[in-house]
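Enquirer: This is the structure I have questions about; it appears just below.
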Amino acid sequence: MAFECLNNTEVSQNLAHFVANPGIGIVEPNQLSPKSFSEGVATSKFVPDTKSESGKGVKLKGASTINSKKGIKAPVSALNQLSIPGDVIFNCGLSITDLPPALISEILNCLDPKDLGVVSCVSTIFQRVASEHGAWKQFYCERWGLPTASLAVDSGVVDDDKSWRELFVEREFRTKTFMGRYSIDVLYGHTEAVRTVFLLASAKLIFTSGYDSVVRMWDMENGLSIASSRPLGCTIRAVAADRKLLVAGGTDGFIHCWRAVEDLLHLFELRATQNQNTEVRLWGHEGPITSLALDLTRIYSGSWDTTVRVWDRLSMKCSAVLRHSDWVWALVPHDTTVASTSGSDVYVWDTNSGALVTIVHNAHVGNTYALARSHTGDFLFTGGEDGAIHMYEIVNDGYESKTWHVAAWIPHSAAVYSLAFEFPWLVSASSDGKLALIDVRKLLRISKRALGKRVSKVKHLGGDIVEPPQRMLHGFKSNLFSVDIGAERIVSGGEEGVVRIWNFTEALEIERRARALRGIRLEHRMRRRKLQTELSNKSGRSDQCSVAAKKNSVTCIWPTKRGMSGKLKA
């Protein structure tokens, strides 16, 4: 960039001191004369008064003065001699905290949780502004959704006195437990292979079923069997539940539903005979049901009849049928869309219109058996017959939705049958008898929507880059069919006919004790530093006193024992 020099370059040091002073206010354009800089700048009247103190403003000699808000006094005649653009701001003493709250909020919205936490450590003002910022609620809900009241109270996460920042920090801390110690609980009860497991963390319940056609309910805390249903007459390949409804899908093409019973501690009455008020069976599919999911208003079911059916929870009637080109293996809904796998392809549908939003062809070599989705719905994770796991991002530019391949993993030597995701952990179950834990946090780059454009939230690595998993869990013989994650636990079931719970709560307690010890050590370190600072200050004063005493020292010779008189030496 080229700069044009002024014709008159004789600028005095007094003018430089005047312009560099950080306390000068804003000069409006109507207060300035129309003279241009090329005509020269008169500086003879800008003589600072040396009696004025720094920081309280500079008083310039002149007939009349303009008093600014910061205490700067400048003559009107002198200012009128300057031809300065109106957007020049002399008052540079303002800080970011002097900006309007709405503007500060927009600035903080551009930060990710780590940077926002750093900002809160700058000063007490920033600590208050950053800690109370609404972005913490957004960060929390993007990762885990709104905290469930019952689970939160029991686990000690949610407190009315806690801010969203404290809730976020606590939940982020709990995600580290999956790299620590664990204990394994083995649940016996099924007589044949377990095809599906579902963890309802908000009620501390586990639901399982399989080839024995019995749905069993377990206590998550102690691993005891609570109840089991009567045999449903066929293999149960899918189970889903929330606090109001439990559904199970059989190979005969039906969906068996249990409504929650009020005032019942464990929500569902499975032992009783079929009751018209609490049990309903839905028919419509022409093939085995392979996957089920629930949201607040709908039931989603996928089948080998190549369709995904959407059911209304209130009327228990089918409201939409989404047809695929091959068997449907898995599905995951989010808001008004549902993602499904059929053959080797991945589909994303609009449930309101029934239109196909986007499709990923040949996601895997062979069938795509497993599917998981982030809480925001932007990221899809697929597992297939080739033993690979792929991560995709759904990007909507306002006109159409596209899927971008983000990363790939090959942690297994056999087919991946099930995936489960809870930020930031993706866990996979394979027929090789292993569980793989993958931390996707490093792939995410939290960014915001800017100027109405969709900004990608990930670092796209390319399809040829394979990331290793963070942890592998062993202990099974072979053929793991289903897995779920939540509440510091991983639940899995397979061909052995048993259910295993990998409990990481011990690691959580160990990490809490370690964090408490680190806090104590930090407090002791700060106290030692404070004492050292005080001692150094005291020693500095004593050194100054000794130096002053040496300069004005008077040497005295006191009388000896013999009574000699003392002599003074100046």
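Enquirer: Which ³J(HN,Hα) values in Hz, rounded to whole numbers, follow from the phi angles of the range 429-442 under the Karplus curve 6.51 cos²θ - 1.76 cosθ + 1.60, where θ = phi - 60° and Gly and Pro get x?
Expert: Along the range 429-442, the couplings run 10, 10, 6, 7, x, 10, 10, 10, 10, 10, 8, 8, 4, 5 Hz.
Enquirer: Could I ask something else about it? According to a simple spin-label model (label point 7 Å from Cα along Cα-to-Cβ), what is the distance in nm between M526 and S325?
Expert: 6.2
Enquirer: In the range 107-246, what percent of the accessible surface is made up of carbon and sulfur (1.4 Å probe, ligands and nucleic acids excluded)?
Expert: It is 52 percent, rounded to a whole number.
Enquirer: How much accessible surface does F481 have with a 1.4 Å probe, in Å² rounded to 10?
Expert: 20
Enquirer: Can you give me the three principal axis dimensions of the range 351-410 from its C-alpha atoms, in Å, biggest first?
Expert: 34, 21, 19
Enquirer: If you don't mind, there's one more thing I want to ask. In terms of solvent-accessible area of protein heavy atoms at a 1.4 angstrom probe, what is the ranking of T307, T505, highest value first?
Expert: My answer, sorted largest first, is T505, T307.
Enquirer: Here's another thing I want to ask about it. Which pairs break 31 Å Cα to Cα here: K114/K162; K137/K402; K162/K538; K244/K434; K176/K530?
Expert: In this structure, K162/K538; K244/K434; K176/K530 lie more than 31 Å apart at Cα.
Enquirer: When a/c reaches 1.5 or more, the comparison of a/b and b/c decides; with that in mind, is the range 230-295 rounded, prolate or oblate per its Cα gyration tensor?
Expert: The shape class here is prolate.
Enquirer: Taking the solvent-accessible surface of protein heavy atoms with a 1.4 Å probe, what is the per residue accessible area of the range 306-436 in Å²?
Expert: Roughly 36 Å² per residue, with all protein chains present.
Enquirer: Further question: For the pair C141 and S536, what calculated FRET efficiency results from E = 1/(1 + (r/R0)^6), where r is the Cβ-Cβ distance and R0 = 45 Å, to the nearest 0.05?
Expert: 0.40
Enquirer: Step through the residues of the range 313-327 one at a time and calculate ³J(HN,Hα) from phi using the Karplus curve (6.51 cos²θ - 1.76 cosθ + 1.60, θ = phi - 60°), rounding each to whole Hz and writing x for Gly and Pro.
Expert: For the range 313-327, the Karplus-derived couplings read 6, 6, 8, 6, 10, 6, 10, 7, 10, 10, 9, 10, 9, 8, 4 Hz, x marking Gly and Pro.
Enquirer: Heavy atoms only, 1.4 Å probe, whole protein assembly: order M316, M472, M179 by accessible area, highest first.
Expert: M179, M472, M316
Enquirer: Compute the distance in nm between two label points, each set 7 Å from the Cα along the Cα-to-Cβ direction, one at N352 and one at D252.
Expert: Taking the simple label geometry, N352 and D252 are separated by 3.8 nm.
Enquirer: At 1.4 Å probe size, with every protein chain present, just tell me what the per residue accessible area of the range 178-302 comes to in Å².
Expert: Per residue, the range 178-302 has 43 Å² of solvent-accessible surface.
Enquirer: So, one more: Not counting ligands, DNA or RNA, and with a 1.4 Å probe, what is W164's accessible surface area in Å² rounded to the nearest 10?
Expert: Counting only protein heavy atoms, the figure is 80 Å².
Enquirer: Roughly how many Å² of S95 are accessible to a 1.4 Å probe, to the nearest 10?
Expert: About 60 Å², ignoring ligands and nucleic acids.
Enquirer: Please list E385, E393 in order of solvent-accessible area, largest first, computed with a 1.4 Å probe with all protein chains present.
Expert: The ordering from most to least exposed comes out as E385, E393.
The values are calculated or read from the model by the stated rules, or taken from the named source; none is laboratory data. The structure displayed is predicted, hence computed values, not measured ones. Every residue, glycine among them, receives a Cβ derived from its backbone with ideal geometry; neighbour counts consider all protein chains shown. SASA here: full protein model, heavy atoms, side chains in, ligands and nucleic acids out. Shrake-Rupley method; radii C 1.70, N 1.55, O 1.52, S 1.80 Å.
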